[in-house]
Amino acid sequence: MKTNKFFVLTKYLLMGSEMRSSKRKIGMSDNRLIKIVMGIILFIFLALCLSTINIALYEGLKIVNLESLILVLNYSGMAFVIFFFGIFYVMNVFYFSKDIDYLLPLPLKPETIIASKFTVTLLYEYFLEGIILIPCTLIYGIGSSANPLFYVYSVILIAFLPILPLALALLISMLIMPLVNLSKSKDFFKMMAGIIGVVFAFGINIVSRMVGGHNANQFSNNIKNISKTAGSVFPGGRIAADALINCSNFYGFLQLAIFVLINILSLVIILSLSKAFYLKGVVGLSESGSKRKAMNESELSKAVNRRSIVAAYTIKELKLLVRTPAYFVNCVLPDVIWPLIIIIPVFFGTSQNNGPSKDQLISLFGSSSNYPIIVAGAAAFGVFIGAMNVVTCTSISREGDNFFVMKYIPVSYEQQITAKLFSGIIVALAGHILLVVVACIVMKLPIYIGLFSIIAGTFGIAFSAAIGILIDIRFPKLEWDNEQRAVKQNLNVLFAVVPAIIAGAVTVIAVVVTMPSATITFIAISIVYLVVDFVTYKLVCAKGAEILGKLE
C-alpha cells in the first residue's frame, strides 16, 4: 500500500497540471509533443556547446598527460553545483510549493511525501546532469579508447551522482526550517538565494577566465589546483571519477561500490530523518506576514491618486516582478547579468588569457569608421536582452490561477497587453543603458553614439517584447504550482530567443556588408524597427485580444 501511494503521488507530481480537473480550451502549452521535441532540441544544442568546451579542455590536458582530470573536474563540479543550487531548489520544491497545502491533509506519511518529491527532483536533475556529463564521458571514453566496462560504470555513476548532493541539501533544509520561522520572510530568503547563486556563477566565470593561459605548465598547474579544490569541496565526485579512471582494475570496482553505497545510505538516512523533522518545518509555511500602517487623510489621498490605466497596470506588473523572488531572479536579474558578462572580460582580460583588454577594445572600436557597427550591435543586443529577460514571453503564463482576473477587471485586453509590453521594455532597457554607458566610458565613445545606441536598442527591445508576448499568448503555461515553473520550465522562453537571435544577426550583417555612416545606420535601423514594431504591436493587440477572449 505504501509503495502504491508513493507511485501515485510521484506520478501526480510529475504530471502536475495535466492531472488537474480544470482544462483550458486553448492550452497549447499542454501540447506534450511540442514540449518533448523542444526539450530534445535544447538538450542536443546545450550538449553540443559543452562538447566543444570539453574537447578543447581534453586536448589541452592531453598535452601534459593529465586528460583524466577532465573527469574529476566534470564529476566533482557537477556534484557541487547540484548541492549548492539544490539547497535553494529543495526549499522551493519541499517547503514553498503550493501543493504542500493539498498534500498535508491527505493520509500520507512524511517519508512518502519526501520520497516522491525527492524522486521528481532527481529526475529533473538528470536533464542538467546529462547535458554536462554525457559529452564529457564520451569525449574521454573515445579519446582514451576505454573498454565497455567504462561505459557501464558511467551509466551507474550518472544515475547515482545527484542523490548524495540532494540528500545533503534536503538535510540542511530540514534542520533549518523547524528552527527558523521563515513564513514572514520567505520571499526575502528566496530572493537572496537567487542573488547568491548569481554571484556564485560570476565567481566561476572570473575563475575560469583566470585558468586559461598560453603557458602549458601554468595551464596544467591551474587545472590541478582547481581539480584538487573541486574534489575536496565535494569528494563524492572525486570517488566517481576515480571509479571511471580505474574501471579496468579492482580499485575502480571498489570505488564504484563505495560510491553507490554512500548514496544509498544517504537516501535511507534522509527518509528516516523526515519522520522527525519534515512536518515541523513545513506546517504553517503557507501563512505570510504583512505590515500595517496607519494613514492620515493626505497620505490616503496620495495613495489612491488617479493615473492612466496603462501606467497603473505597468507599475503593477513591475512591482510584481520585483516583489516575487522567482520573477526577480529570472526576469529582472538577467538584465544586469548579460551586461556584466560582456563587461567582466574587459576588466579581467589581459595578455595572459584570451579575454579582450580595454586597450584592445579602444583600438578596435575607437575609429569612427566602426561606429556604424557599434550602433548595429547595440540594436542587436537590445533584441537579444529583450528576449533573455523573459518578462513578456512569460507575462500571461505568470498569471497562473489568477488568469481569470484579466477577464473581469474593467481594463481591455489591448491595454493589459500594452502594459505588459511596457513592463518588459522598461526592465530590459535598464540593462541596455547600463551596457551602453559603460561601453562609452571604457571605449571613449562620443555622446551621440551612445544616444544612437540607446535609441536603436530600445527599438530592438520593443521588437523582442512584442514577439515574446505574442508567443506567450498563443502558448500560455497557466497551470503551475510554483512561480519558478512559470519562468524556468517554460518553453516559450526558447521560442522567443530564436527570432531574437535571427533578427539581431540580420541587423549586424546588413550593416557590416553595406557599411553606411553611423547617422545613416541609426536612421535606417530606427525606420525599419519602428515599422516592424508598429506592425507587430498591432498584430499582438488584435490577435492577442481574440485569443485571450476565447481562453478559459
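The values are calculated or read from the model by the stated rules, or taken from the named source; none is laboratory data. The shown structure was predicted, so the numbers you read here are calculated from the model rather than taken from an experiment. Here the Cβ is made from the backbone with ideal geometry for all residues, glycine too, and neighbour counts use every protein chain on show. For the accessible areas, the whole protein counts, side chains as well, though only heavy atoms, and no ligand, DNA or RNA atoms are used. Shrake-Rupley method; radii C 1.70, N 1.55, O 1.52, S 1.80 Å.
With every protein chain in place and a 1.4 angstrom probe, the accessible-area ranking of 448, 102, largest first, reads 102, 448. Legend: residue pairs 477/550; 11/109; 98/319; 280/488; 420/543; 117/275, Cα-Cα distance threshold 19 Å; pairs beyond threshold, 98/319; 280/488. In the range 429-552, the portion of solvent-accessible area held by carbon and sulfur atoms comes to 79 percent [1.4 Å probe, whole percent, DNA, RNA and ligands not counted]. Each Lys and Arg Cβ is given +1 and each Asp and Glu Cβ -1; about its Cα centre, the range 398-552 then shows a dipole of about 260 debye.
The accessible area of residue 10, taken with all protein chains in place and a 1.4 Å probe, comes to roughly 10 Å². Counting only protein chain heavy atoms and rolling a 1.4 Å probe, the accessible areas of 474, 323, 485 rank, largest first, as 323, 474, 485.
Report the FRET efficiency, 1/(1 + (r/R0)^6), for residue 56 and residue 145, where r is their Cβ-Cβ distance and R0 is 22 Å, rounded to 0.05. Each step should come with its number before you reach the end.
Numbers: r = 20 Å, r/R0 = 0.91.
Efficiency, from the Cβ-Cβ distance: 0.65.
Ranked by solvent-accessible area (1.4 Å probe, protein heavy atoms only, all chains present), the residues 129, 111 order from largest to smallest as 111, 129.
Under a model in which nothing but the beta-carbon of Lys, Arg (+1) and Asp, Glu (-1) is charged, the range 62-157 shows a dipole of about 60 debye around its Cα centre. With the whole protein complex present, residue 535 retains an accessible surface near 90 Å², based on a 1.4 Å probe.
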